[in-house]
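Notes for the one structure printed next.
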Amino acid sequence: MQMRIELHRRNGAVHFEALNGEGNSVAIDGSPAIGGEGLGFRPMQLALTALASCASMDVVSILAKQRQPLEDLRVTATGDRPPGEPSPFSTVNLHFDLHGDLGEDAVRKALDLAVHKYCSVGAMLRGNVEITWTMTIHRTGSQPHRQNGG
């Protein structure tokens, strides 16, 4: 299966727009050090976004198959980059805030499978980037329960 996007420069500096075949777009810009003006995501922010969204889609699917009542899902992705050029991520953590009357074991299993087995973006990064996850389950009427994962 081939995937295709088009990238168009939108100013005289480093502001671009990426378009997919369905007509959706994403604004991309560089850092101020290279002429960026804050007009879009930076490329490494897009990499974190790709990993977080890929894993999240898998989590939603796995929890649905487990009949877990997921009401909301929010993910915070953080990545560490060493100084120098190039500066790829050395570690990334995905923190999942899950809302609903969810079973902790089911969520833990879903997150581990999503992040370490099914996510295609994670598979591309594996071997070069240490990817970990943490979670907090927010159950209706109770205190959040935070756990470290894999």
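The values are calculated or read from the model by the stated rules, or taken from the named source; none is laboratory data. Note that the coordinates shown come from a computational prediction; the quantities given were computed from them, not determined experimentally. Cβ atoms come from the backbone with ideal geometry, glycine included; neighbour counts cover every protein chain shown.
Among (1) more than 14 Å from the chain's Cα centre (by Cα); (2) in a helix (DSSP H, G or I), where does M44 come up short?
Result: M44 passes all but (1).
Might you let me know whether region 25-37 holds any residue that is out of contact with any Asp or Glu (no Cβ under 8 Å at 6 or more places or on another chain), at pLDDT 95 or above and within 18 Å of V129 (Cα to Cα)?
no
Pick from region 32-51 the residues that are among the small types (G, A, S) and buried (at least 20 other Cβ atoms within 10 Å of the Cβ): which of them is nearest to T76 (Cα to Cα)?
First pass over region 32-51, keeping only residues among the small types (G, A, S): 33, 35-36, 38, 40, 47, 50.
Right, trim to buried (at least 20 other Cβ atoms within 10 Å of the Cβ) and you get 40, 47.
Values: G40: 18, A47: 13 Å.
By that ranking, first place goes to A47.
What residue, among those in region 87-118 that are touching a strand residue (DSSP E or B) at 6+ places or on another chain (Cβ under 8 Å) and exposed (fewer than 14 other Cβ atoms within 10 Å of the Cβ), is farthest from Q66 (Cα to Cα)?
So, considering only residues that are touching a strand residue (DSSP E or B) at 6+ places or on another chain (Cβ under 8 Å) and exposed (fewer than 14 other Cβ atoms within 10 Å of the Cβ), the one farthest from Q66 (Cα to Cα) is S90.
Between T132, T76, which is surrounded by fewer than 14 Cβ atoms within 10 Å (Cβ to Cβ), within 13 Å of the chain's Cα centre (by Cα) and either of a type in the set (G, A, S) or assigned to a strand (DSSP E or B) (or both)?
T76
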